Amino acid sequence: MSAAHPEWAFQLAMTAGEFSLHAEFTAKARVVALFGPSGSGKSTLVEALAKVRPASGLASLAGSSILDDNFRVGWVPQDAALFPHLSVRGNISFACQNPTLAEQAILVLGLERLLDQSPNSLSGGERQRVALARALASEPDLLLLDEPLSGVDLPRRASVFRFLLEARDAFETPMLYVSHDPAEVLAIADTVVLLDAGEVVASGEPASLMQNATSLRLLDRLGFENVFRVDFPAVEPGHAAVVTTPAGVELVAPSPPQASAGGKGWLAVRAQDVLLACEQPSGLSARNILPGVVTGTEETERNVLLRIRAGDEWVATLTRRALADLGLKVGAKVWVIAKTHSLHWLAE
C-alpha cells in the first residue's frame, strides 16, 4: 500500500437505531480528519470501519476495501480499551505483528519507563499513548483515532498531542483522525471531512474549507477561526513577530513557537475577534489593519458571517443589527482589524 498519499473513496451508508449515516467523499491524503459537532456521526463511521457496526457500500483506501476481512485496522477508541490484566508491555505485545515496529512505537511515544506498569496506574494521556502503540504494533493498513484526547486532562493534552504528531511523522500508516477541535484537525490532517447530522457537508484541505458557504455555517457553530499557514523570521522569545501569510500579507503576531529558529506555523484568529470598519481607522492600538472587500455574507443561527478578501480570505462575525448599521454588502470596502493578542498559534 502506498502510504504517502493514498486514495480514499467512500460511499458508505449505515443505520444505528434512529440515526442514519451517509458518508460520501474522496481524498488523496495520508491523514484524513473527521470533523463535526457531537452527534454528527463521526464515531459511528469509525465503528463501521472498525467492523463493530454493520455498513453497506464502498470504503476503500489505496484500492483495497477497508470493510474486507483481510484489511487490517488499528483502532484507538476514546477510552483506550486496554486489557487491565496485562502490563503495558503485554498490551502492546498482544496483537504485535512486527516486534521492530513495536519497539519503535515504544520509543516514539515515550513509554520505556511504563512497560511494567498496569493500565490502572496510568494517567489518561499515558493510556492513550499505550493504546496507540498497541495499534501501531499490529502493523495496520489503517489507523483509526477516535477523539484520542477526549479522556486526557486539559493540562496534558498538548504533550499527548505532540506524541501523536511524532507518531504521524515516524510511521507511514494512513490515519483517520476524529475530533471536534479545530486546532487538532489543522495540525494533523492533510484532508478534512466535515460531518453534520450524518451527512458529509464539505471536504478538502483544512485551511480552504472556510471559502465554502455550506461549511461556514457548521464551522461557526464549532467556533472555528481564520487560519493561515505563515512564515516567521527568527525573533527573541517573548517578542512579537512579523509573519507573512500565503497572500504575502504581513501580520504582527505574538511570539511564535520556537521563536529563535524561525520557520512556518499555523496562526489563527477567531472570527468573533475580527473587527471591521467602513473607513480607515486612526489612533488605534491594534497593529493589524488591512484594507479589504466583502465577498460574501452568510446568515447563521446566531449572527451573520462576512467573508472578506484582504489579501487572504478572512471571516468575521457580526450581529444582524451591526450589519444593518454598517450597511455592509457584497462589494463594500472595509478595513479588517485584528489585535496582536487576538492571534494565537495552533499546535504544530
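The values are calculated or read from the model by the stated rules, or taken from the named source; none is laboratory data. The structure presented is a predicted model; accordingly, all values stated were derived computationally and were not measured. Positions of Cβ are generated from backbone atoms using ideal geometry, with glycine treated the same way; all protein chains shown enter the neighbour counts.
Tabulated results
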| item | result |
| --- | --- |
| Conditions (1) hydroxyl-bearing (S, T, Y); (2) modelled with pLDDT of 90 or more; (3) not in a strand (DSSP E or B): number failed by T295 | (3) |
| E301 vs. criteria of a type in the set (D, E, K, R), within 10 Å of W335 (Cα to Cα) and assigned to a loop (DSSP other than H, G, I, E, B) | no |
| Lone unmet requirement of (1) assigned to a loop (DSSP other than H, G, I, E, B); (2) touching a Gly at 6+ places or on another chain (Cβ under 6 Å) for I308 | (1) |
| Count of residues meeting criterion [touching a residue at least 24 places away in the same chain (Cβ under 8 Å) and assigned to a helix (DSSP H, G or I)] in the stretch 104-129 | 12 |
| Residue in the stretch 278-285 that is surrounded by 18 or more Cβ atoms within 10 Å (Cβ to Cβ) and either without any contact (Cβ under 8 Å) to a residue 12 or more places away in the chain or of a type outside the set (S, T, Y) (or both) present | no |
| Matching entry among L165, L115 (being among the aliphatic types (A, V, I, L, M), over 26 Å from A48 (Cα atoms) and surrounded by fewer than 21 Cβ atoms within 10 Å (Cβ to Cβ)) | L115 |
| Number of the condition not met by D146 [criteria: (1) in contact with a Ser or Thr (Cβ under 7 Å, 6 or more places away or on another chain); (2) within 20 Å of P77 (Cβ to Cβ); (3) buried (at least 23 other Cβ atoms within 10 Å of the Cβ)] | (3) |
| Within the stretch 1-39, tally of residues that are within 16 Å of L194 (Cβ to Cβ), at pLDDT below 90 and among the polar types (S, T, N, Q) | 1 |
| Residue pairs meeting the criteria (Cβ under 7 Å; at least 6 apart or on separate chains; first within 27 Å of L45 (Cβ to Cβ) and not assigned by TED's automatic domain parsing to the domain that holds A137, in the stretch 75-93; second β-branched (V, I, T) and surrounded by 15 or more Cβ atoms within 10 Å (Cβ to Cβ)) | none |
| Residue match in the stretch 57-64 (condition: assigned to a loop (DSSP other than H, G, I, E, B), modelled with pLDDT of 95 or more and on the phi < 0 side of the Ramachandran plot) | no |
| Counted residues, the stretch 300-344 - those being crowded, with 18+ Cβ neighbours inside 10 Å and within 24 Å of A189 (Cβ to Cβ) | 7 |
| Residues of the stretch 169-182 satisfying the condition of being surrounded by fewer than 20 Cβ atoms within 10 Å (Cβ to Cβ), in contact (Cβ under 8 Å) with a residue 12 or more places away in the chain and assigned to a helix (DSSP H, G or I) | A170 |
| The lone exception for G262 - which of (1) surrounded by 18 or more Cβ atoms within 10 Å (Cβ to Cβ); (2) without any contact (Cβ under 8 Å) to a residue 60 or more places away in the chain it fails | (1) |
| Residues being surrounded by fewer than 15 Cβ atoms within 10 Å (Cβ to Cβ) and not in a strand (DSSP E or B) - total across the stretch 7-36 | 2 |
